[in-house]
Amino acid sequence: MADVFQRRSGRGWRLRQQSLQLLHQWQEILHSEGRAAPVQRGLLLLASSAEELERLTRLKHGRQPPGAQLELMAAESLQQMVALQQLPPLPGEPLGGLWSARDGQLDPIVWMQALQDSALANGLQRSRAVVQTLNPQGPRWVLELSTTEQLNCDWVVLCAGLESQTLLHGLGLQWPMEPVSGQALELQRRPERSDWQHPMVWRGMNLVPRPGGRLWLGATVESGTVTNGDELEQLRQLQGDAPGWLLDAEVIQRWQGQRARPVDRPAPLLEQPLPRLLLVSGHYRNGIVLGPASAAWAADQITMVNSAVAGS
Ligand SMILES: Cc1cc2nc3c(=O)[nH]c(=O)nc-3n(C[C@H](O)[C@H](O)[C@H](O)COP(=O)(O)OP(=O)(O)OC[C@H]3O[C@@H](n4cnc5c(N)ncnc54)[C@H](O)[C@@H]3O)c2cc1C
């Protein structure tokens, strides 16, 4: 969600817009290498209340980024799409919606694989060892690995999720982050006739149609590391608004994870705590969408310092 982000200025907004552009560029590069990294463009936000409809209307009439294609949809138009089987029966009784043509969804596992394969073909070396400590040694870094080996490097980009704070703690630095758990479901829908292809969002819950009549449904937002079965059931029932076809769908997979949320700082953490040490973490709920812009930020920092050193 880049064009439908609630703000139209500031760092979060700029990072989302940059990610949107980079995703497009990366997709072309991966494609030219013969690697598939699909993006399903198009997203429908449904208004469950008058306040939400007002918010969507403000988004449509506010300042638009170049190329954004936002369209307000009346409740009647949505129901007509249901009647024409372009959408399945909708949750609750939406008062309207906002369609965004450039936002959408991708499969992060497929993308990570494509990016890794591309990077390996371009010289990336990978180690599966756990980093135990980061030690500055003159202008360089020495990483102690769980394999008892050491890794010497010019730069460290620390993107170890919640564990980043532990490694920084070893250097006497405090960048606190807290875990926020999330649960999500994959469901198999019973055969039905609608030609539904784009994700829709109802009360902050994402319904993402997948190939073969499958559906991703997510995600809960739960403080701490312990997840709650009731929260998952609430999600499954869209807080009481689930249409019949969703209640009938069979759960085929469930998963959970922990998001890293910075304490007393806005997400994400894009910082340089020490020379040649970059912290790229604390993305909270947006590590996939902000991944490209975060990587670009790290690359820019390294290029800037290296160019200054080369020029001096
Ligand atoms: C249910 C759920 C739904 C979500 N939905 C979305 C969504 O729709 N859109 C979105 O943008 N984001 C979403 N997120 C958030 C997103 O998944 C995260 O922001 C993102 O995965 C963070 O990526 P990361 O690489 O920073 O951290 P992580 O994914 O936590 O990866 C950290 C990595 O560092 C490794 N590591 C840790 N310690 C060490 C060490 N000492 N040495 C070596 N390696 C180490 C770990 O093994 C891991 O591989 C969701 C999260 C959850 C839980």
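The values are calculated or read from the model by the stated rules, or taken from the named source; none is laboratory data. Every value quoted in this text rests on a predicted model; they were computed, and no experiment measured them. As a convention, Cβ positions derive from the backbone with ideal geometry for all residues, glycine included, and neighbour counts pool all protein chains shown. In case anyone asks, the SASA skips ligands and DNA or RNA and just uses the protein heavy atoms, side chains included. Shrake-Rupley method; radii C 1.70, N 1.55, O 1.52, S 1.80 Å.
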* Asked: Where does each of MET81, MET73, MET304, MET205 land when they are ordered by accessible area, with a 1.4 Å probe and the largest first?
  -> MET304, MET81, MET73, MET205
* To do: Starting from the Cα-Cα distance between ILE302 and GLU163, subtract it from 0.36 nm times their residue separation and give me the gain in nm to one decimal.
  => 47.8 nm
* Asked: Residues in the stretch 1-41 near a label at ARG63, defined as backbone nitrogen under 11 Å from the 7 Å Cα→Cβ point?
  -> 8-10, 14
* Which ³J(HN,Hα) values in Hz, rounded to whole numbers, follow from the phi angles of the stretch 211-220 under the Karplus curve 6.51 cos²θ - 1.76 cosθ + 1.60, where θ = phi - 60° and Gly and Pro get x? -> x, x, x, 8, 8, 9, 10, x, 9, 6
* To do: Filter the DSSP H helices in the chain by two things, a Kyte-Doolittle mean of at least 0.0 and an axial alpha-carbon span of 18 angstrom or more, and list the hits by number.
  => 108-121, 291-311
* Structure fact -> Under 20 Å by backbone N from the virtual spin label 7 Å along Cα-to-Cβ at GLN150, the residues of the stretch 118-141 are 127-141
* Which value, in Å² and to the nearest 10, is the accessible area of LEU171 when all protein chains are kept and the probe is 1.4 Å? -> 40 Å²
* 222 nm [θ] for the chain, helices only, -39500 (n - 2.57) per DSSP H run of 4+, per residue, to 500? -> -9500 deg cm²/dmol
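Suppose accessible area is computed on protein heavy atoms with a 1.4 Å probe; arrange LEU70, LEU274 from highest to lowest.
LEU274, LEU70
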* What is the extension gain from GLU76 to GLN25, computed as 0.36 nm multiplied by their sequence separation minus the C-alpha to C-alpha distance, in nm to one decimal? -> 14.6 nm
* **Label point at GLU192 placed 7 Å out along Cα→Cβ; residues across the stretch 66-84 whose backbone nitrogen lies under 12 Å** => 82-83
